[in-house]
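The values are calculated or read from the model by the stated rules, or taken from the named source; none is laboratory data. Only a predicted model underlies this, so the values are computations on that prediction, with no experimental measurement involved. A quick note on method: Cβ atoms are made from the backbone with ideal geometry, for glycine too, and the neighbour counts reach across all protein chains shown.
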Ligand SMILES: *Cc1c(COP(=O)(O)O)cnc(C)c1O
């Protein structure tokens, strides 16, 4: 399979190249040249497959010649063997129409593990073929940092440096990063800085020739195609259990960077009968405005009880804009250049129509989020996290044919967000036994001042060579 940039001016790559590159060098995002198709008979044939086998079957056409079938299956077995539930992403029924797809049974209790556990293995496999070890540098305000650290901890040819603003991430999130003892994991707490300061330093490092000329620097954010590819699998897993390909269904997806819900779009292109994809947002509703009104303009950023969705610019939305304009890279490049300078973009009629055919959007206020958590608890005995609750609120607000099952993606374990859970239902969710010693393990991190040269020199001295 060949991979092209949405802006059309970057080299065409194979799967291995697209995985190691992340962002295309023309500022665009990589997408496969065409969508692999599964017939109804082929989808029917996937029923009952164990998750790792289903994953290998769905990802094989995307991986192409970069891995043999056996190598891909081995990696899937290794990645999904780290999950605490044998079904990997179990489906839980709420009522006659609504279901939860639990994506939080990985090591850091958020859905990002599903993709990152595999990505860590893909990095290790591909890097072993090259004599060029990778230094991953990132900044985190929470979930991504811990999932990325757990994905590459102890892997060969990779060092990871994760910056977090000291005192600005929750204690659970910090401990999930700092208690990992593998020597290739380097946590850096930026003293007196915000997340934006840490993020700005990372961006500056990617553009700093003193670093990039001597090091092979990589990123693990959700613009990486391999992450989206791995997320396509659980849409199939859920749909197969609910009767696909012989029955349509809908998904509601708590959305931030538009990675997770774009994977649902990919599943639909591959032949899964998806009736609707509901983009669920909190008060940071740029996506809801774009999908409903064609207005993709950056507003003020609000802090909410769903911090992993407090995002203004959803990087992966560019992929959908590209698809919806008939894959016209030149037109999209011009549209994105305009967005870069004015922070606003108006969808053209073709894009609006194409997107409206599959997507709708719903917004949840904090009150509606807490109410959805109470409904799940009081009516179904399920304790859910606030991000999942934004999705559930959206799912229940959307007027769909009652015969169409609606699956809400449960993106985090409720124990990760104890304050919101306590506020909603008056009790907290215990951490699962597998993270039980988080509070007794020793923490390891370096506290550095918010000074660019100090942080860069610290990383350069310890980077992969
Ligand atoms: C990252 C995250 C999201 C948003 O996912 P995107 O792929 O960025 O849209 C939602 N919920 C939780 C708990 C997350 O960690």
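Could you pull out the residue among 4, 29 that is modelled with pLDDT of 95 or more, under 15 Å from residue 327 (Cα atoms) and buried (at least 19 other Cβ atoms within 10 Å of the Cβ)?
Criteria check complete, one pass: 4.
Scanning the stretch 165-196 for residues that are under 28 Å from residue 125 (Cβ atoms) and in contact with a strand residue (DSSP E or B) (Cβ under 7 Å, 6 or more places away or on another chain) turns up 177, 178, 184, 185, 186, 187, 188. The residues in the stretch 164-182 that are within 16 Å of the ligand (Cβ to nearest atom) and either at pLDDT 95 or above or in a helix (DSSP H, G or I) (or both) can be counted, and the count is 5.
Of the candidates 161, 126, the single residue that is surrounded by fewer than 20 Cβ atoms within 10 Å (Cβ to Cβ), touching a helix residue (DSSP H, G or I) at 6+ places or on another chain (Cβ under 7 Å) and on the phi < 0 side of the Ramachandran plot is 126. If you check 182, 148, 153, 115 for being under 29 Å from residue 451 (Cα atoms) and within 15 Å of the chain's Cα centre (by Cα), only one passes: 148. Counting only helices (runs of 4 or more DSSP H) wholly contained in the stretch 195-294, the ones carrying 3 or more residues that are more than 18 Å from the chain's Cα centre (by Cα), free of Cβ contacts under 8 Å to residues at least 24 places away in the same chain and more than 13 Å from the ligand (Cβ to nearest atom) occupy 195-206. Of all the numbered requirements in (1) more than 16 Å from the ligand (Cβ to nearest atom); (2) touching a residue at least 60 places away in the same chain (Cβ under 8 Å); (3) assigned to a loop (DSSP other than H, G, I, E, B); (4) over 18 Å from residue 409 (Cα atoms), residue 315 misses one, and that requirement is (1). For residue 333, the conditions (1) touching a residue at least 40 places away in the same chain (Cβ under 8 Å); (2) in contact with a strand residue (DSSP E or B) (Cβ under 7 Å, 6 or more places away or on another chain) all hold with the exception of (2).
Looking across the stretch 409-420, the residues that are touching a strand residue (DSSP E or B) at 6+ places or on another chain (Cβ under 8 Å) and either more than 12 Å from the ligand (Cβ to nearest atom) or assigned to a loop (DSSP other than H, G, I, E, B) (or both) come down to 411, 413.
With respect to residue 192, determine if the residue is surrounded by fewer than 21 Cβ atoms within 10 Å (Cβ to Cβ), away from the ligand (no atom under 16 Å from the Cβ) and under 25 Å from residue 437 (Cβ atoms). So residue 192 fails the test.
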